């Protein structure tokens, strides 16, 4: 009995020891497993965090790159203003130009006598005239006693000019013909910048009323300088220009603007430059210069503020040699009187002629036009292949050509176009 109890006690003890050992081993294994899983979980969380951080950084980098790229693309696609020319960065551009140009510009005062209006005699004066008529022995007064003779009145015309040539003895000044036409005396005043404060006498040595150009000669003074001519054909619409003159007799004055248009029809010959630089009364004959200080035109007239006209330099230069040599320009003609195509006639004929083109109205006997066979009702559509728009254009083309030169006139006659050779004849005697 005692043996059985002892065996049972040992078996229980062994079982407990085995169970406890197994439990400890299981517990230990479980602890190690949990520790391993914790490490794995920590590593996984760490890796996930790293991935998230990397992804966030990548997104930020991509966003920044995209923004920079977009900004670059926008900047590249946005039109950028052209940089201003270097000369326009000079705030003293026109001041410097004026210093160079103004000393070569002069003020011109021309004195002339003009016919006044005949004046009506008042009733009281008529009674006096009757008395003097009887006192005079019944002889009639030269004017019949009804109108007082027109007095001759002194008038001063103001204008401008520019020195275009100098030599040891004389300086040559260019101005408009209308500034000095019929003048009895001419006074020329120089800019104070020249150091010459007293006016000097000038005399007209050449003139061309057609081109409205005149040359004045004055005694050469120290320091007088001529301005060079520029190429007016190279002037573009929008180019800056400066006008210098003597507006309203106020003395040397400078205005600036741009070339508004080219090839504007002139009253007689040539095509004008149009500018918005102010050309007031008294500016006539002064220079219109480019930013290099070259004469591109001679100021002629103004219609209203902002619409002024200048004779292009390239219309003047070819005439200078003849002007200096002969004192005038002998201009030819072909001997026709003109009218213009009406809109109705142009529509009736069709596309061969245009409204406004010149039509021969009369051919002068003995003229070069008569010798060439021009007839009334001929429509002149071209000169040497260049289209003619109106009578002014034809007149300008002929007046600009030398005498004896032959030209080909494109003529529309009886429904057909033909070319007629015509010689430029001498002016009327």
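Summary table below
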quantity	calculated
Filter result for the condition that a residue is within 30 Å of residue 312 (Cβ to Cβ) and either exposed (fewer than 14 other Cβ atoms within 10 Å of the Cβ) or at pLDDT 95 or above (or both), over 410, 350, 373, 415	410
Checking residue 205 against (1) surrounded by fewer than 16 Cβ atoms within 10 Å (Cβ to Cβ); (2) closer than 24 Å to residue 254 by Cβ; (3) modelled with pLDDT of 95 or more, the condition it does not meet	(2)
Strands (runs of 3 or more DSSP E) lying entirely in segment 278-339 (those with 2 or more residues that are free of Cβ contacts under 8 Å to residues at least 40 places away in the same chain and surrounded by 18 or more Cβ atoms within 10 Å (Cβ to Cβ))	295-304
Top-ranked residue in segment 259-277 [being in contact with a helix residue (DSSP H, G or I) (Cβ under 6 Å, 6 or more places away or on another chain) and assigned to a loop (DSSP other than H, G, I, E, B); ranked as nearest to residue 233 (Cα to Cα)]	270
Near pairs, Cβ below 6 angstrom, 6+ apart or cross-chain, from segment 402-429 (in contact (Cβ under 8 Å) with a residue 60 or more places away in the chain) to any residue that is assigned to a loop (DSSP other than H, G, I, E, B) and loosely packed, with under 14 Cβ neighbours inside 10 Å	403/426; 412/352; 424/405
Considering residues of segment 376-398 that are part of a loop (DSSP other than H, G, I, E, B) and touching a helix residue (DSSP H, G or I) at 6+ places or on another chain (Cβ under 9 Å) only, the residue surrounded by the most Cβ atoms within 10 Å (Cβ to Cβ)	388
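The values are calculated or read from the model by the stated rules, or taken from the named source; none is laboratory data. None of these values were measured; they are calculated from a predicted model. FYI the Cβ positions are ideal-geometry reconstructions off the backbone, even for glycines, and counts take in every protein chain you see.
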